[in-house]
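Before any comments, here is the structure.
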Amino acid sequence: MAIYALGDQVPEIHPDAYVHPDAVVIGSVRIGARSSIWPTAVLRGDDGEIIVGEETSIQDGSILHTTPVWATRLGNRVTVGHNAHLEACTIEDRALVGSGSIVLHNAVVGAEAIVGAGAFVGNNKVVPPLALAVGIPATIKADAVTPGHFDYGVDSYVQRAERFRAELRRID
């Protein structure tokens, strides 16, 4: 695994978390229990802190960064799709950030909300709980998500991480 301290900024990774060998974790990053960080994801906590809750998946190619002013915070049971970019924002519990989407400075994605694939949530924007944000810039559709909508997907990534921890082996 490519896990790096940067001066006195040292990642804290729960022993039950899974970080794929091709992911990169740098600096002030905390990863909670049963969370998973997948190939080519980069979590770079050089300017400030990145906090990843429990049972959260950061999927392939996603980039998480921060600023000296705002941390990047992800709650529990969050799903971050492939190639997403999150910077200095807050993603609350059980939310889903779709593949290829961007969520920027001081934006908040509420609990159980969805940021649709390819959407752009700009600075200071708020996506309320159970809302859907789609488009560029994101348009908000209130109360568009059914509570518990992501449970299957979250559980599948928790199980997938357990399988990878037990069975992944390099063969070259």
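Read the figures in this text as sums done on the coordinates, not as results from a lab. As the structure is a computational prediction, the values presented were derived from the model and not from experiment. Every residue, glycine among them, receives a Cβ derived from its backbone with ideal geometry; neighbour counts consider all protein chains shown.
Among the residues of region 114-172, those identified as of a type in the set (Ser, Thr, Tyr) and either over 16 Å from the mean Cα position of the chain (by Cα) or part of a loop (DSSP other than H, G, I, E, B) (or both) are 139, 146, 152.
Against the criterion of being out of contact with any His (no Cβ under 6 Å at 6 or more places or on another chain) and on the phi < 0 side of the Ramachandran plot, residue 100 does not qualify. Name the single residue that is nearest to residue 148 (Cα to Cα) among those in region 52-80 being crowded, with 20+ Cβ neighbours inside 10 Å and of a type in the set (A, V, I, L, M, F, W, C). Out of the qualifying residues, it is 78.
Of all residues assigned to region 66-86, none qualifies as being touching a Lys or Arg at 6+ places or on another chain (Cβ under 6 Å), assigned to a strand (DSSP E or B) and either in contact (Cβ under 8 Å) with a residue 12 or more places away in the chain or hydrophobic (A, V, I, L, M, F, W, C) (or both). Taking (1) under 14 Å from the mean Cα position of the chain (by Cα); (2) part of a strand (DSSP E or B); (3) touching a residue at least 24 places away in the same chain (Cβ under 8 Å) in turn, residue 51 satisfies each apart from (3). Restricting the search to region 136-168, which residues are in contact (Cβ under 8 Å) with a residue 12 or more places away in the chain, out of contact with any Leu (no Cβ under 7 Å at 6 or more places or on another chain) and of a type in the set (Phe, Trp, Tyr)? Scanning region 136-168 gives 157, 164.
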